[in-house]
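Please read the structure below before turning to the comments.
Where a number appears in this text, it was derived from the coordinates with a stated rule and is not lab data. Predicted model, so just to flag it, every value in this text is computed and none were measured. Heads up, the Cβs are rebuilt from the backbone with ideal geometry, glycines too, and the neighbour counts pull from every protein chain shown.
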Amino acid sequence: MPHHLRFIMVGGFLGAGKTTTLARLARRYMDQGLKVGIVTNDQAADLVDTKSLRSQGFDVGEVAGACFCCRFNDLISTIDSIGRDQAPDVILAEPVGSCTDLVATVIQPLKQLYQTRFEIAPYGVILKPSQGRKILKNEPGTGFSPKAAYILQKQLEEADLILINRIDELKPSELQELQTLLDEQYPRTPRLAISAKTGQGFDAYFEFLDQVGDFGRRVLEIDYDSYAEGEAELGWLNSSVQVTAPTEFKLDDLLLDLIRGLKERLVKDGLEVAHLKLIGLSPAAFGVANLVSRDLPPELSLASHASTRNVDLVVNARVACDPVQLGKHVEETIREICALRQASPEFGAVQMFRPGRPQPTHRMTAAGTV
């Protein structure tokens, strides 16, 4: 085991592909014989990401209630708990997708307060092409206000590496347009084109991550009022639902029908989707469906290939609207799609809110020396 615990954080806006990227990284490091721990993060408990990664067999801890920056001590204690049984060689961390200023509030505190414990890998930030292109071009009709777009721009500004994701879905001209925009706006930041889904470009990403050096030094000048207002525009919902039907139904079809139905309702109301995630856990299998933009079709990111009469659903929705309105859309969609299968939904815990103002535990205004 190396002297230092390797800490790899992967940032990016909501729906950028962070969880899929983390799972691919984790498998690669485990294939090399390294022990890996993953830390997920959200403004509320009951995360699709956590359940999905655990269902894939990974050792996962969760920091809930706010971003890593505001729960820094929880991040440390979660890493400690992962290492209690079997000390990991690598920690993979996924911050909340609507957060930025993570160099000053997470990476630099780790470097300056725990310098003998952690070795910090280059901080990669994933760009989601569908929204990234609109925001980088400052186009109207992105679905997000300038203050929400400000968060994505600041995420890219503090990155050691920008990762253009979903290149398996991009035309060469679209990729070139993104490259040109990044050249103009972030000329000093290296970048790679990847597909978290297919693994394209990941050999180069692993090579970049293997560098040892003084990374995470781009401490931002940031307006916390704009940052807080941008976050607060998003309605967040985490909901648990038990679905029971008299006859078996295909789990994957249910998940896709739910996402499609919800998308239809939100688009009809002119609402921009930051991210919808839905996991269905049946006694023998699980599936995950996603929607990362109203401009893209829903997708089954992890297929269950299972039929069942009972499923536990967890919905994570991040939409630019009032959370109560979002909750109504989610509940009505679930009831409507379940009725088509004569299934009965039983609604359990639900959390609906707008994220509060970030209050970092630590904020290092200058990068420390190594």
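Just a few scattered comments:
- Euclidean distance between Cα centres, segment 121-154 to segment 224-254, Å: 22
- GNM remark for the chain: springs join alpha carbons under 10 Å apart, and the peak mean-square fluctuation among Thr247, Thr333, Thr21 falls on Thr247.
- Of the residues Pro146, Pro187, Pro88, the one that moves most in a GNM of the chain with alpha-carbon contacts below 10 Å is Pro187.
- Per-residue Karplus couplings for segment 299-313, computed as 6.51 cos²θ - 1.76 cosθ + 1.60 with θ equal to phi - 60°, are listed in order as 9, 8, 6, 9, 7, 8, 6, 10, 10, 7, 10, 9, 8, 9, 9 Hz, Gly and Pro entered as x.
- Top of Gly124, Gly15, Gly261 by mean-square fluctuation, Gaussian network on the chain, Cα under 10 Å: Gly261
- The amide H of Leu220, built 1.01 Å from its N in the peptide plane, has Ala104 as neighbours under 5 Å, considering only residues 5 or more places off or on other chains.
- Net charge dipole size for the chain [Lys, Arg +1 and Asp, Glu -1 on Cβ; Debye, nearest 20]: 140
- 3J(HN,Hα) along segment 287-297: x, 10, 10, 9, 9, 10, 5, 5, 7, 10, x Hz, from the Karplus curve 6.51 cos²θ - 1.76 cosθ + 1.60 with θ = phi - 60°, whole Hz, x for Gly and Pro.
- DSSP finds beta bridges in the chain, and of those with both partners inside it, around 60 percent are antiparallel.
- Length released on extending from Glu264 to Gln86, taking residue separation times 0.36 nm less the Cα-Cα span: 59.5 nm
- Under a 5 Å amide H cut-off, with hydrogens placed 1.01 Å from N, Gln200 pairs with Ser195 among residues at least 5 apart or on other chains.
- Mean Kyte hydropathy of 0.5 or more with a Cα span along the axis of at least 30 Å, helices from DSSP in the chain: none
- Between the residues Leu102, Pro172, Gln153, the greatest Cα displacement towards the positive end of the dipole of segment 46-188, with unit charges on the Cβ of Lys, Arg, Asp and Glu, is found for Gln153.
- Estimated vicinal HN-Hα couplings, Hz - segment 233-244 in sequence order (Karplus 6.51, -1.76, 1.60; Gly, Pro = x): 6, 8, x, 10, 9, 10, 9, 10, 9, 9, 10, 10
- Cut-off under 5 Å, modelled amide H: who pairs with Arg294 long-range: Val273
- Once the Cβ-Cβ distance of Gln179 and Ala366 is raised to the sixth power relative to R0 = 35 Å, the FRET efficiency obtained is 0.65.
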